[in-house]
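What follows is calculated from the coordinates using simple rules that are stated; it is not laboratory data. This one's a predicted model, so the numbers in the text were calculated from it and none came from an experiment. Note: ideal-geometry Cβ built from the backbone for every residue, glycine included; neighbour counts use all protein chains shown.
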Amino acid sequence: MTRKDRARAKRKSHKLTARQVQWIREQKELGLSTRQTAKAFQLHYHYVHKVTASTVWRIWNNQIHKDTGVFCRLCNAKKGTPTTGGRPFSVLPDVCDPCYKILDQTKANAKKRISNTEIRQRLIKEIGEDPDLELMDLPHYIRRKIYEDENILLQREDLLRTSPKNKRLRTTGSAADPATKENKHWLGAVYALHFVGIPELEKSVYVGQTQSGVLSRFAAHVQDAKSPKRASSGTPYFQKILAELDRTGKLGAAIRIQLLNNIFYDNENAGHEYKLDEKEKKQFIEIEEQQWQLRLFLSGYTLLNASFKVPTWHPALQVVLHKQIKEWLANPKERNITDLSNVGHGYYTLEKNECSGRESWKFYKFDECGDPRQLTLEELEEQIPE
């Protein structure tokens, strides 16, 4: 009994489909001869369909199955009609209608996105020039769109917190605030919030990092503590302490803001290999923050950070941590921080102006610290894992 596919193979004639003709044309571009193409065709279709070398030659020379020469440059579909196995090209000569529809919708979405970004940027500029308006006054759905827009580099604190223009966050005095994004080439800072005059909290500390400014970040902490629903990086106990001190007006007297590490880096003049993107900048500052957290934890302090952890996501970090902890255990007395008040670059304190009677934050720089830390390219390269 003859198999069905062999019975079909014994037929004397077979009408080539458009797809088979296209396959034969493609073999010419691969450098095959007519005989090689005929044999490859039989093998490709399992000897069910066959062509002769002369048929291949006629197809290549456009004597039979003439090629219109029009194919979509995106999907490679042939020009024609659904009945002939092709697609219509009614708009563009080299793009079929389905692909053109996709392109048209994509361009419309991009135009709308760019237009919306420009509108939001003009809106932010208009609000920034009005002293009576703040970004947090915008409707919630607009603030969410601004936060999700990759072309507008605003942090969560810029859209949800109170303005740092508040009188309780104003800095005065001869020593200007070194940890603020207004300073040129400022990368970020690591700070500590510890308590004075409260015996039960003497060994409690919050260690954080910021890329928007120490006082701006502190204002966000205070604002978050007022509402339990707000997300915060501190423990619930830390939020409770801040909320109570703010309610009683004792923030300035009971909290000391310590500037532990201030980082500057000239990314504009750095070489190609040393330029840092936003992710690398944040990653480096987070590593600095975690090193300070570990140092204070080993010194016996109670950390009020909800996110405190020992970073082990990279093998190089594990080697560094093993070395640091071993050195610490070898001589803990010399490495322990017994008095946090004199560690770092300086501290912030809330003072009252004798003339105006208003309270404002003033930064005091330690003499032994000198200028804010200027990291070299080699230091950054060593501390940021690849």
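Here are some notes:
- From most to least packed by mean Cβ count within 10 Å, the peptides 326-336, 299-309, 280-290, 98-108 give 280-290, 299-309, 98-108, 326-336.
- Taking other C-beta atoms within 10 Å as the exposure proxy, V207, V343, V91 rank V91, V343, V207 from fewest upward.
- Counting Lys and Arg as +1 and Asp and Glu as -1 over every other residue whose Cβ lies under 15 Å from the Cβ of R122, the net charge comes to -2.
- Couplings for region 306-319, taken from phi via the Karplus curve 6.51 cos²θ - 1.76 cosθ + 1.60 with θ = phi - 60°, read 6, 9, 5, 7, 8, x, 10, 6, 10, x, 5, 5, 4, 5 Hz in order; Gly and Pro are left as x.
- Amide hydrogen proximity for G346: with H placed 1.01 Å from N in the peptide plane, the residues at 5 or more positions away or on another chain lying under 5 Å are L259, F366.
- Dipole size of region 291-355 about its Cα centre, with +1 on Lys/Arg Cβ and -1 on Asp/Glu Cβ: approximately 360 debye, rounded to the nearest 20.
- Put in line by how crowded their Cβ is, counting other Cβ atoms within 10 Å and starting with the fewest, D246, D97 read D97, D246.
- Residue-count net charge about Q324 - beta-carbon cut-off 13 Å; Lys, Arg +1, Asp, Glu -1: +3
- Close amide H pairs (under 5 Å, H built 1.01 Å from N) link L187 with I263, F264, Y265, residues at least 5 positions away or on another chain.
- Candidate lysines for bridging to K326, where Cα separation is under 16 Å - those fewer than 8 sequence places away on the same chain excluded: none
- N336-L133 FRET efficiency (beta carbon distance; Förster radius 56 Å; 0.05 resolution): 0.70
- Rounded to whole Hz, the Karplus (6.51, -1.76, 1.60) HN-Hα couplings of region 23-31, x for glycine and proline: 4, 5, 5, 5, 5, 5, 5, 7, x
- Taking amide H atoms as placed 1.01 Å from N in the peptide plane, the amide H of V51 lies under 5 Å from those of Q42, each 5 or more residues away in sequence or on another chain.
- Cross-link pairs exceeding 21 Å between alpha carbons, from the set K184/K281; K203/K240; K39/K79; K250/K362: K39/K79.
- Backbone HN-Hα couplings from phi across region 40-53 [Karplus 6.51/-1.76/1.60, Hz, Gly and Pro as x]: 5, 5, 4, 5, 5, 9, 6, 6, 7, 10, 9, 9, 9, 5
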